[in-house]
Structure formats: structure tokens, C-alpha cells
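Accompanying notes for the structure given below.
The values are calculated or read from the model by the stated rules, or taken from the named source; none is laboratory data. What you see is a predicted model, and the numbers here were worked out from it, not measured in a lab. Counting neighbours? That spans all protein chains shown, and the Cβs are built from the backbone with ideal geometry, glycine included.
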Amino acid sequence: MDKLVIEGGKRLHGRVTISGAKNASLAMMPAALLASGVYHFSNTPNLRDVYTMSRLLGSMGLFCELNGNDLLIDANNITSLEAPYELVKKMRASFYVLGPLIARFGEARVSLPGGCAWGPRPVDLHLKGLEKLGAEITLEAGYVHAKCQKLKGAKFHFDISSVGATGNVLMAATLAKGTTLLSNAAIEPEITSLARMLVKMGAKIDGIGTSQLEIEGVDTLNAVDFETIPDRIEAATFLIAGAMTKGKIILENTNPYHLTSVLEKLEESGCKIDVTGESILLEMEDIPKPVDITTSIYPGIPTDIQAQWMAYMLKADGTSKITENIYTDRFKHVPELLRLGADVQIADNVAIIKGGKQLSGATVMSSDLRASASLILAALVADGSSEVLRIYHLDRGYEAIEKKLIGLGAIVKRVKSELI
Ligand code: UD1
């Protein structure tokens, strides 16, 4: 199992190209179950989660091949309507296959994802939405078994705004008979991009980019070529790395509009930010000011940068507060940050971070994707050397992270490790 060895204290400078968005790819790929034909997805990130989704689709008879960042999916031959536990347990986004399968084939058997490192993470809204469209859902031996003759359009309100449930129900509604009205739908850019791809496939969707979606079902859809949007979470992580190390970095291939709330907070903390087209320049000369954040749905501060922001605030000259409103116990990174010398206290969904203490290198353990990113950020500014173990979590969501960091001047080495 690989680990990263990081020498702290280097100021980051230079240019880095941001990859395609993991969470956009993971929604686009299952959409290929909606129509036969050959799909080409450009700007696809080379990530473990993309390989896992390819394996899952492969187990259903589709052919997936990633050449550089071009993903080809041949969806002409679908041989299985089942998503097995072995793959779903590796990645919750596997649950996305449920909506397309039931809509197109009238049947699906998908393992329940179970919990994850930071809590239970239910799928009740996915199931309620599909039931509203007419799917009969039973739970058998840890699997969701969904059946229907033909889905029928319906009104459905998401009690909580959910990225995954919106994607699933939206995909299903494209092939339902009649009109579906979805309210309190997620408006995260990855869902908006999925909706745009579905429209290119021939779906009829109004209200894209808003929380009210109106979908007029069609009989069939077509395979398409589509470009994956830039990864806003990867971009935010590099911006924070630049800010923490008092660096000067330029991000290429971003969509700055997807990052407005994060850019605003970075400016509040003292960074100079300059946006030109798809590039973002960040320059930081001072010790950051303490800045509180509250995670929320888009366009608010994403929960997926909460752990990285906490690492940043360890450098601030004062105390700051993080309120985690999406996953209220998503604080697995805290005990590991404490091992690097951090002063963080948690009470319910609130973290109080006392900045200004010099961190010192240590061996730390990744527990999940964004926690790993936060440990790497902290290690970049710690005295001496740190080892970040179990970085397979990182490989799920950051394409070539150590190469990109090295390109910006960091001293980072990937080492094969026997430690787990
Ligand atoms: C997606 C992202 C993940 C991100 C999260 C929140 C992907 C592959 N993953 O996850 O990186 O952290 O959005 O932005 O895109 N909920 C329910 N019932 C459900 C579904 C969700 O109660 O059926 C709750 C969740 O517990 C959570 C909230 O809704 O509190 C939002 O979760 P959701 O948007 O569904 O997250 P995911 O789609 O799983």
C-alpha cells in the first residue's frame, strides 16, 4: 500500500492544470446505461473511482476504455442488471446505476451501499423518488430489487437536497412516460452537467441549474460525446495549498464560477486572487486571517473542502470555527491533524481551530479522500518530514496529486509501503 513522504516548508509556485471532476464523471458514466451506442467522454480524470465505475459497467456488459483522459464507453451490449456488493461497497456512486437500469429495462438489482468513514449516509431519497415514478422496491439480502412495467412521470420533492438522489431520479425520469416535476433538486455543477449531457442525449429537461426540474419523458435516448467539467474540489484544494505555503500559483482549466464561495473566503483570509477566463491566480504573502466557514449545498462552501479548510486555518493567526452542516460527524481527519500538533476541538458539528501553532512532521493515517487531502496540506507546512499512510483514498479523487505538487515545488515522494 502506497504512502506519501512529504518534506514540509516549501513555498508553492508555478502552474497546475486541474483535472476533470470525479463527481461529474461518476454521474455521466452510468447515464450510458440509458441508451445503446458509443460514448466519448473527454477530460475524464484517471482515478480509482473512475476505474471502479468502469469495472461495474464492465460487469454489466459495457466496454469501457480510458486512453489518457478520453473515456470510451461502448454500451451496445448490456448483459446484466445487477450491481454487486463487491463493487458498490468500494464506491457509493455505484448506486447511480439504479435509476437508468429501472427506467430502461424495468428491473435492477443493486447492492445497498452501507455506511462510510464519516457516518451512515442513507439512500432513502433515491428509493422514495424512484418509487414515486412507479418502481416497486424490495430489499433482499442487502440488495435493492427494483421492478416496474414502465416508469410514469410524477411530482417529487426531495426533503433534503441530495446530489446522488437528484442524479438517480433525474436519469430515471428521462425515460418515464409523461412529465416529472422535481423540487428541491440539487444544483451542484456536477448535476447540472449531467442534466446537460442528458439533454444532448435527447432528454427533455427544463429548469437546468435551478432546484425545480421539469422532465418530459421520451421513448429513447442516444449515445453522445461530452466533456467533463473541471474538478472544483481539486481546484479548491490546490488553492488552499498555495495559500497555506505563502505561495503564488496559477490554476489552469478551472471554472471559477463554480468556486465563488471558496474564492471569497480565500480573499477574506488575505489571499490575492485574480481570475482570467479559465485560470485562477492566487498569491499569499501574509499569515492567513482566521475565517469561519459553514458547509452547505451549492453554491455554498462544499463539505468536500471542509477538511482542507481546517488544515489551512491551523496556520491562521487566531481562532476560527467550522460548522459542518452536510455530514455532521465528518471529522475523521481531526485526530490525525492533532498528531501533527494541531489544536482543534469538536463539539457536535462544530470544530474550533486555534491557529498559529507550528506543526511538526509525523506519521499520519488517511481515513477518507478529503481527510487525506487535509493531511497532505498540513504536512506541506509542518516542520520536517511527514508520512501519510493509506493514500489509496487519495488516488480515488486526486489525479496525479504528487506529480502536480512536485511541479509546484513541493518535496513529495510516493513510496510503496507494507504498513497499513
Ligand atoms: C455527493 C458527492 C460527495 C459530496 C456530497 C455532498 C458524488 C459521487 N459524491 O455525495 O463527494 O460530499 O455529494 O456534496 O457526487 N441524504 C439522505 N438520504 C438520501 C441521500 C442523501 O438523507 O437518500 C443526505 C445525506 O446523508 C447528506 C445529504 O443528504 O446529509 C447530502 O448528501 P448527498 O448530496 O446525497 O451526497 P452524495 O450524493 O452521496
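Laid out as a table, the results:
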item	result
Residues that are more than 16 Å from the ligand (Cβ to nearest atom) and either charged (D, E, K, R) or surrounded by fewer than 24 Cβ atoms within 10 Å (Cβ to Cβ) (or both), drawn from segment 17-37	Thr17, Ala35, Ser36, Gly37
Subset of segment 362-386 that is of a type in the set (D, E, K, R) and more than 13 Å from Thr237 (Cβ to Cβ) - its residue that is modelled with the lowest pLDDT	Asp368
Pair list, Cβ under 6 Å, 6 or more apart: segment 91-102 residue more than 14 Å from Val163 (Cβ to Cβ) and modelled with pLDDT of 95 or more, other residue among the aromatic types (Phe, Trp, Tyr) and near the ligand (Cβ under 8 Å from one of its atoms)	none
Residue check, Gly61 in a strand (DSSP E or B), more than 20 Å from Ser193 (Cα to Cα) and over 19 Å from the mean Cα position of the chain (by Cα)	no
Search result, residues across segment 212-262 that are hydroxyl-bearing (Ser, Thr, Tyr), crowded, with 17+ Cβ neighbours inside 10 Å and more than 19 Å from the chain's Cα centre (by Cα)	Thr245
Of all residues making up segment 171-197, the number that are in a helix (DSSP H, G or I) and either more than 12 Å from the ligand (Cβ to nearest atom) or closer than 20 Å to Gly37 by Cβ (or both)	10
Residue identified as more than 23 Å from the chain's Cα centre (by Cα), assigned to a strand (DSSP E or B) and not hydroxyl-bearing (Ser, Thr, Tyr) among Ile322, Ile352	Ile352
Options Arg109, Arg104: the member that is surrounded by fewer than 24 Cβ atoms within 10 Å (Cβ to Cβ), more than 11 Å from the ligand (Cβ to nearest atom) and in a strand (DSSP E or B)	Arg109
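Each row is one residue, and each column tells you yes or no for (1) at pLDDT 95 or above; (2) away from the ligand (no atom under 16 Å from the Cβ).
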position	(1), (2)
Cys116	no, no
Val123	no, no
Ile137	yes, no
Leu151	yes, yes
Ser162	yes, no
Thr166	yes, no
Val199	yes, yes
Gly202	yes, yes
